[in-house]
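Reviewing the structure listed below.
The values are calculated or read from the model by the stated rules, or taken from the named source; none is laboratory data. Small disclaimer: the values here were computed from a predicted structure and weren't measured. Virtual Cβ from ideal backbone geometry, glycine too; neighbours counted across all protein chains shown.
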Amino acid sequence: MQLVFVGLTHHTAPVAVRERLALTPSELVDLLGMLTHPCEQGVAPLMEAAIVSTCNRFEVYGVAREEKAAGDGLGQLLARFRAAAPQELTPYLQYLEGEAVVRHLFQVAAGLDSMILGEPQVLGQVGQAFQLAQSSGTAGVVLSALFRRAVHCGKRARTETAISEHAVSISHVAVELTRQIFGSLGERCVLLIGAGEMAELAARNLSDNGAGRILVVNRSLERAQALAAQFKGLAYGWESLPQALGKADIVICSAGAPHAVIHPDAVRAAMARRREQPLFLIDIAVPRNVEPAVGQMANVYLYDIDDLQNVVQENLAQRQREVPKVEAIVEECRAEFTAWLSSLDVASTIRDLRTVAEQLRDDEVERALRRLGPLNAHQERVVRMLAHNIVSKLLHSPTVRLKQLAEEGNGYESADVLRDLFGLSGSLRREGHG
Amino acid sequence: MADVAAFSVAGALYLGATFSYHIAWIGRARRFRPLATRLLVAAVLVHGLGVGVRWFESGYPPLSNAFESFSFYGWALMVGYLLLERQTRHPGLGALVTPIALIAIAVASVLPKGIQPLVPVLRSHWLGIHVGISFLAYVTFTLAFVSAVAFLRQDATLKRHRSLGWGSGLPSLVALETQGFRLAMAGLFLLTGSLISGSIWAQHAWGVPWVWQPQQIAALATWGVYALYFATWHGLGWRGRRAAWLLVAGFVAVLITFVGVDLVLPGGLHAFIFR
């Protein structure tokens, strides 16, 4: 039995190649079927298979019967499935075997392999891949355990390290800063100055995160009303800007104006009206809508587009510094999984089973002899033989059958069941499956 | 001596909790955050037991000398912080407040710890009431000070447009400001109680309620700083950095009242604490 992997990611393949492998769920199910029951000659079928498919990666995880994996065959099978010439795909494919497969999937789940380091979606996508394989009946003991461990590992990475902490996009940084100033966004009033696409996007983001009222000020009142209607907000004409400013907690400026439209005097007046409650100004317009001097005022926090960009860069660098910690978690999870996998080895399972049975036998024999009192040598031998023969004959059939299954290549499934039924150490069935 | 043993064990646990809060905050190792809390709870329980034993053994509230004062202050500060912590998941406040308690514990640990008979003037129920209320006021002001320091740090980070980094380990600006205000108000209320109970005790003991003794003056000045904070908050709408700096000033006044006057000017009516 051998873990195998073939796939391509944004690291190895351009989008023109990746899009050829963008499959619908039903196509994925077909492909899973083909991988486990190939109709072509020369391709060894996989005993188990799962596919992680996202816009940045297409990865096949499988369990092959032979130790020598059929990597090339898999690549060609993929190409034929998409009716593509092998050379269109194969140069971009990456092949892995054994522990490297485990490490790779755990890294993917932890977000280490993602385009944006530590992004959270990939964890869900790994979970979906597992569900699809399960419902298609192609996830057996090994892949089930592997994918459950992967999800567990991904969760650990995100809770125990800061790999997913701190926003790494402009709009998320804006939301995070807002939270850092006001705590929750509820009841907070957002003022949009300018009604362009940028303003709409930012408003959508804040509104999704629970912001309260939304006000829109725009040179064209009509456009302002249209945008305000989307968020059940209020629209104002340009001349009402000072009043609107006095009501807002968060101001997003994206008006196309040749010079600043918010001056220190207007902000000072607004601050007096709102009793020095903090005011957060996000100026994403170029040229800037807010005079930089406004940022010097007490309790006013002004971020322009470059400031936000800098925060994004710093946050990315901070995530980068978390990578060693995440690698350590991945390594820990991999070691656990490998230990479990090797316990599925038939020989060691038989050995463990025999050890447990013989221990039990010896204990019971001693107990019986103590209760019987003094026996002669012959009688004692008969008692010992009785126990010995029962244990040997009981274990004979499972031992032979297990060795037979191992030669056929799927002994590990039975080994795991055996470990579970007899309470031998190492069965993942006994754990909560994280 | 069971109380001194408990004090030593608690001291080690405080040290562990302080380190854990800092590892969780600055080192951003989140696993240490629950550990820090557990260590602190254990420390407070052990320390509290020690204080209780001492109270039982001596027969009077353990607030009568310098060791008992610093020890009680550190303990009450940590209990107060743990009550605050139930409202926040952030490790930053814990990292800021634990060193203060640790300093108090460290000072207490080098002071003479023996239980001595009370000087006659202190043999009164007013010892527990007056000194107890005063300490609760000091603890509340200390927590307000920590909120203000956290606020100033957050404010500076946001003004400089830096990545939040450690800042994410602290509550929001608005939350810190509100918390600081509430604590300062509670402290002002308690300090008022301390001044009144002190006067009543003085009236009973010496027949005069007020003798313009240095620590009384310092306590009155402290009361004045927080009253100013209250007045500017409501009257002039002072918020943000200005309000936070007033809380820092208030804490300096607390330190002068609690430690400075007695250390620098021995011989006053309160000087029995450092005899």
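Taken over the stretch B:223-239, the criterion of being touching a residue at least 40 places away in the same chain (Cβ under 8 Å) and assigned to a helix (DSSP H, G or I) is satisfied by B:226, B:229, B:230, B:233.
Within the stretch A:68-78, at least one residue is surrounded by fewer than 19 Cβ atoms within 10 Å (Cβ to Cβ), polar (S, T, N, Q), in the same structural domain as residue A:21 (by TED's automatic domain parsing) and not in a loop (DSSP other than H, G, I, E, B). The condition of being modelled with pLDDT under 90, over 30 Å from residue B:240 (Cβ atoms) and not assigned by TED's automatic domain parsing to the domain that holds residue A:406 holds for only one of A:334, A:321, A:351, that being A:321.
State all residues of the stretch B:86-133 that are more than 18 Å from residue B:73 (Cβ to Cβ), touching a residue at least 40 places away in the same chain (Cβ under 8 Å) and among the charged types (D, E, K, R); if no residue qualifies, say none. Of everything in the stretch B:86-133, those that are more than 18 Å from residue B:73 (Cβ to Cβ), touching a residue at least 40 places away in the same chain (Cβ under 8 Å) and among the charged types (D, E, K, R) turn out to be B:89, B:123. When the stretch A:286-338 is limited to residues that are under 17 Å from residue A:165 (Cα atoms) and acidic (Asp, Glu), the one that is nearest to the other protein chains (Cβ to nearest Cβ) turns out to be A:314. Against the test of being assigned by TED's automatic domain parsing to the domain that holds residue B:130, in contact (Cβ under 8 Å) with a residue 60 or more places away in the chain and among the β-branched types (Val, Ile, Thr), the options B:196, B:200 yield a single qualifying residue, B:200. Evaluate the following for residue B:175: is it at pLDDT 90 or above, within 14 Å of another protein chain (Cβ to nearest Cβ), surrounded by 17 or more Cβ atoms within 10 Å (Cβ to Cβ) and assigned to a helix (DSSP H, G or I)? Answer is yes for this residue. The stretch A:138-212 holds helices (runs of 4 or more DSSP H) entirely within its bounds, and those carrying 3 or more residues that are touching a strand residue (DSSP E or B) at 6+ places or on another chain (Cβ under 7 Å) and either within 14 Å of chain B (Cβ to nearest Cβ) or closer than 30 Å to residue A:1 by Cα (or both) map to A:141-160, A:170-182.
Conditions tested, residue by residue: (1) within 14 Å of another protein chain (Cβ to nearest Cβ); (2) part of a helix (DSSP H, G or I); (3) under 17 Å from residue B:136 (Cβ atoms).
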| position | (1), (2), (3) |
| --- | --- |
| B:6 | no, yes, no |
| B:17 | no, yes, no |
| B:20 | no, yes, no |
| B:36 | no, yes, no |
| B:44 | no, yes, yes |
| B:54 | no, yes, no |
| B:57 | no, yes, no |
| B:61 | no, no, yes |
| B:76 | no, yes, yes |
